[in-house]
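Working notes for the structure below.
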Amino acid sequence: MNSPTVLRRLRPLAILALSLALVVGAASCSSDKNSSSDNTSQESSSTTALTPYQTTYATAKGSTLTVLSELPKSVVTTPPSSTSSSSSTTAPKVPAIPRNGLNSAGVKKTTEGYEFTNPTYYKNPLVVVVLENQGEYMKVLLTARPNHTTGWIKADDVTIAATEFRMELDLSTYHLKVFKGPEVFIETDVVIGKDATPTPLGRFFVTEKIKNSSDTGVYGAWILPTNGYSEVLDTFDGGLPQVAFHGTNQPELVGTKASNGCVRMPNNVVSKLAEAIPAGTPIDVFPTTPDSWSTTSTGSNSSIKP
């Protein structure tokens, strides 16, 4: 997040200003119109039987997607579910996004929850990750702050699919692993947020993908914005402080804390990743190395270096 030229053009983290841009702040960006789909994804009107490695995501059908903070009391869930929305248990240091008076790049707060515009600012389909499918309603993970906020959508308003890809980031070693099923698809060292602007912890997902016209800018070849926001910055360059995974024009910084919260990786890695994963791919950010890493198998082309 340096070059004023690219920031003006993309504002992934900060493009919100006057034009509803889906910004990438403290570490952020957005995605491309022709997102490649995972060949393991399956679209249907209801959740298909999932393997242990699959994550279900939903794509909005209409021009807007209405999200309820509270499930209607008349709806009975099986098994019983918490009917209200949830969010990070950490006390927020910055105000909520969206909120009244803040231009939130295609999402606004309503009396009953939220309303998201479809397609996104970058003309990509609006995607959310499904946590529960209760038939008429689905509990989903949202692009909102506090991070990890959830809500309820009507099943008829979306189509659903599943992916076997998932991303896991260990902040203690600056190392990212991307899995396809049980095997490592790609792994690489990355740049993470500085101590003053840390990369947020927890479960997130890739909201969309955007291919840059050149890989020489500060965001590199691709930007993969997430549904997470900085937990210390309220805005970035006049826009939203949205966290993103993206390329870089400073590969020498890989393996350090140098960003405003975004995760930077070598351009050859982000290009391979962007061409393979769909929007809706889950991301887990850990403070230390997950125990599971010692038992996972490694794919033949998993290790890609700068």
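Assuming R0 = 45 Å, what is the FRET efficiency of S292 and K93, from their Cβ-Cβ distance, to the nearest 0.05?
For S292 and K93, the calculated efficiency is 0.90.
Show me 284-291, 147-154, 62-69 ranked by packing, highest mean number of other Cβ atoms within 10 Å first.
Highest to lowest by the protection proxy: 147-154, 62-69, 284-291.
What FRET efficiency comes out for the pair K108/L50, r = Cβ-Cβ distance, R0 = 45 Å, nearest 0.05?
0.90
Which three extents, in angstrom, do the Cα atoms of segment 55-163 have along their principal axes, listed largest first?
37, 33, 27
Which of the peptides 107-115, 178-186 is most tightly packed, and how do the rest follow, judged by the mean count of other Cβ atoms within 10 Å per residue?
Ranked by mean Cβ neighbours within 10 Å, highest first: 178-186, 107-115.
List the lysines whose Cα lies under 30 Å from the Cα of K177, skipping any in the same chain that are fewer than 8 positions away.
K33, K93, K123, K139, K194, K209, K211, K257, K272, K305
For the pair D195 and T77, how long in nm is the line joining their label points, each one 7 Å along Cα→Cβ?
Computed distance between label sites D195 and T77 equals 4.0 nm.
Suppose the chain between E275 and E183 were pulled fully straight at 0.36 nm per residue; how much longer would it get relative to their current alpha carbon spacing?
31.3 nm
Ordered by packing density, taken as the mean number of other Cβ atoms within 10 Å over each peptide's residues, highest first, how do 133-140, 204-211 rank?
Per-residue mean Cβ counts within 10 Å order the peptides as 204-211, 133-140.
Suppose the chain between T159 and N133 were pulled fully straight at 0.36 nm per residue; how much longer would it get relative to their current alpha carbon spacing?
That works out to 8.2 nm of additional length.
Throughout, read-outs are computed from the coordinates displayed, never taken from laboratory work. Nothing here was measured: the structure is a model prediction, and the numbers come from that model. Because the Cβ atoms are built from the backbone with ideal geometry, glycine has one as well, and the counts that use them run over all protein chains shown.
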